[in-house]
Structure formats: C-alpha cells, structure tokens
Amino acid sequence: MKKIIVVILVIATILNIIAGAFIFLDIRTFAVPETTLTLELMELSSDEALLQTTLRVNNTNSFSIFLQDFTVITTTDTGDTIARFFLKGGEILGKENKTYTLTQPVRFNTTAPNQLISKITGTAGILFLGIFKKTVPLKVSLITSLNKIINQFQLPTVHLTGNFNDITQTAVTFTGTLGIMNPYPFSLTLDNLTITVQTDTGEHVGTFAIEGATIEANTSQQFTGTGSLLLKAIDATRVHMMVEGDVILTIAGIRKTMDLSLDATIIPPRLEQLLSDLPTDASLTGKYKLTLTGLLDQISFTIVNPNNLTFQATDITVSIYRVDRDTQRLMCNGTLEDGIISSQNTTILQGDMLISYSQLLPRRGERVFADQLQVILRANITIPGINQTLWIGVIGYQDFPFHRL
C-alpha cells in the first residue's frame, strides 16, 4: 500500500513540475493571434443595407487557443450605434486560421456619416488539461470611410431631346424630354429641373421647368416639360437646350444629392413645318377700265388663311402676259402694296396695273386680239417678328377685254 502511495506522490510531483514548466513557457512563448477586421455594405436599397463584419483570426502558436466573450459594436463618427452583436468564439487549433462572419441590416439617418468605426473586444487564452488557463484581452478596431462607399455611385446615363411642336402669333411651343436609366438597386429622384434655351448667338429665348419624380431601382423613365420660346428661336441656325437640376440618391436612408447639367443642340424647323395648313387657297381676278394712257387692270388677290395666325404679305409682284395660242409675251409688271392676311379669314389685296396701248397692239405672229391674258402673282408671307418667309405663287387667266374680230 505504501508503495502505491509513493508512486502516486511521485507522479503528482512530476505533473506539478511539468505544469509549472508549461506555465513558464506559455508566458514566454504564447503569441497573441493575428486578427484582422473588415466591413462591407451589401445589398444596398433605399431603406437599408446589410453590414457584413468579417473577423479573421490566425493562431500562429503551435498549440490550441480559445476565443471567448467577443462583442462587436459599429458606430458612426457622430456617435450613433448602427450595429451591435455578440460573437461566439471557440477553439482554434495550432497554426490554424478561422473566419467569423456576421451580417446585420443597418439604416442611416438622412445625412451620410463620414466614417464607420467598428470595435471588437474579447479574450484569447490557452488551456492545459482543463486546469491551467492563461488569457489575454483582444481589442480590434477598424475605421471605414463611408464616403468612399457612397461616392462610388455616379450620375446615371441621361439623354436630352427637344422638339418644336406648334407656333402662335407670339411664341413657338417647345417640348423638352429627359430620359434617364437608373442602374442602381435603390431609387433616385430628379428634382428642380429647369430647361434653358438659347440661340447659337447666345440669345436667351426661353426657360421652363420639367416636373421631377422618383425612379425606382433598375428602371428607366422619361420626363417631359413643355414651354414657350420666343419666335426668334426658329430663325436661329441652331438652338442650345440646357437642363439643370438635382439627382438625389437614397442609399440605406442616406440622401446624396448630385448636380445634373446636360445640354443638347437642336436644329429648328422651318416655318412651313409648324403650320397646320399653308394659306395657298388663292385666286386672281381683274376688272378692266380704259384710260387715256392705256388699259387699267384692277387686280384682286383673294387668299384664304385656315391658320390661327395672322400673316403679313410682302414683296407682292404681278406680271401680265398676252397669250396667243402657244406663245406668250410680257405686257406689263408691277407690285402691290404689302398687306395683312387675317387668321381664319378670307383676305382680298387689291392694286392697279396699267397696260399701255402700245403693248396691246399685235406683234408679228400674233392675232389682232389675244386669246387671253395670263396674270402671275408672287408674294412672300411671314409672321411678324420672324425673318423666315413662305413663297406663294398664283396664276390666273382673264379674257382679252376686246371682242375678237
């Protein structure tokens, strides 16, 4: 019996000596594990994002270590806590790497913080035979610039077009269309959109607004605005349309505002392209009267204007030809005074043309009396305030005023 007790005492003594040596060696050789921490915002939407926290622990020791009591707290640089959770540790074998990943939904206030600060606290230790334990505190912190995350989102693709639609007595109607594609997984909003139109000489001809709206994630939308431009806009060789406004991104509760500035060049249409119908329903009549110097032809130019616009007729020229079978000869020409062509009405412009008696006498190959007289009228019509004109021409035939022999 005594021998057994002695053996037990010897073994216990040896174990105590080994344990003491082990503790001493641990103190001298135990290396704190290498710990790295990363943060990543994932699955961004307008309302929230997923904050993924990844902790990587590398046990460089040749023996196992234990992790316990890990707490992860993430705050903004303004002191707001956006994430808090606990991490279950456990054993990490010698020379082993272990990764812990935690994911939690987060939402920010309207204003974007500059930084996210994540801190992890806990302990790491070693055990021997479940009896001896040595622990050291672990503290890991990481500062992540949130601006880098938010600023990676730039202005989406925007297209700008414009069209001239209609014309009035004082202005021309213009429609601007803004097309935008939202490629992001969160919504964006267009606001304070203003379109300014200038001629190629820099002259301002109009400003109007486009009503903004919200574009949902991964969708496209068009916005239109209609306004009036000065009539001189269609006289320009080109007009420049500029749109300015705000593009507001809403990312996990953060509102990021970006300036939108875009321009497009448009070739204005000709005047006739803006008219619903050209005033070309016109006729010529003449009334003759003998005078001492010749034959007076009282010309009446009748024109029907179907438009809601009042035109001005200028540069009205009249030529009268004698027609004998297949030949014709100019007998006289002249002009009529400029006149106003009323909207949706019939206008008659009149003037006198004098044909000298010498022109009435037949020439070689002509009959004594012509078959008929041909009257050709040409004029330019325009809208007051516009340099463009529309050319119209009317041909009328009149019986020769003397009886044929």
- Query: Which of Q312, G294, M42 sits farthest toward the positive end of the charge dipole of the chain, with +1 on the Cβ of Lys and Arg and -1 on the Cβ of Asp and Glu?
  - Reply: M42
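When the dipole is taken about the Cα centre of region 158-269, and only Lys, Arg (+1) and Asp, Glu (-1) are charged at their Cβ, what size is it in debye, to the nearest 20? Present the calculation step by step, with values, prior to reporting the outcome.
Values: 4 positive and 11 negative charges, 27 e Å.
Dipole about the Cα centre, nearest 20: 140 debye.
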- Message: Taking every alpha carbon pair in region 202-352, what does the distance histogram look like in 10 angstrom bins from 0, in percent?
- Response: 8, 22, 20, 17, 12, 10, 7, 4, 2, 0
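Take every Cα pair under 8 Å in the chain that's 6+ residues apart, average their separations, divide by the length, and report that relative contact order as a whole percent. Walk me through the intermediate numbers first.
Numbers: 956 pairs, mean separation 42.8, N = 405.
Across the chain, relative contact order equals 11 percent.
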- Computed Kirkwood radius, in angstrom, where 1/r is averaged over Cα pairs of region 35-150: 15.4
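Using every Cα-Cα pair within region 267-390, state what percent have a distance larger than 20 Å.
Numbers: 3883 of 7626 pairs.
More than 20 Å apart: 51 percent of the Cα pairs in region 267-390.
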- Task: Could you size up the charge dipole of region 219-307 around its Cα centre, putting +1 on the beta carbon of Lys and Arg and -1 on that of Asp and Glu, and report it in debye to the nearest 20?
- Result: 120
- Loop-located trypsin sites (Lys or Arg not before Pro) in region 242-343, at most 14 other Cβ atoms within 10 Å (DSSP): R270, R325
- Message: What does the net charge come to around R325 if you take all other residues with beta carbon closer than 10 Å to its beta carbon, with K and R at +1 and D and E at -1?
- Response: -3
- Task: Springs between alpha-carbon atoms under 10 Å, Gaussian network over the chain: tell me which of V239, V323, V197 tops the mean-square fluctuations.
- Result: V323
- Query: Short version: what are the Cα gyration tensor semi-axes of region 158-269, square root of 5 times each eigenvalue, largest first, in whole Å?
  - Reply: 30, 12, 11
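Rank these for me by crowding, I303, I195, I82, going from fewest to most other beta carbons within 10 Å.
The most exposed by this proxy come first: I82, I303, I195.
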- What are the radius of gyration and Dmax of the chain, computed over its Cα atoms and given in Å? 47.0, 174
- Query: For the chain, how many pairs of lysine residues have a Cα-Cα distance under 30 Å, where the two are 8 or more positions apart or belong to different chains?
  - Reply: 21
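Which value, in debye to the nearest 20, describes the size of the charge dipole of the chain about its Cα centre when Lys and Arg Cβ atoms bear +1, Asp and Glu Cβ atoms bear -1, and nothing else is charged? Show your work: numbers first, answer last.
Values: 29 positive and 35 negative charges, 420 e Å.
Its charge dipole is roughly 2020 debye.
Throughout, read-outs are computed from the coordinates displayed, never taken from laboratory work. Predicted model only: the values in this text are computed from it and were never measured. With ideal geometry, Cβ positions are generated from the backbone for all residues, glycine too; neighbour counts draw on all protein chains shown.
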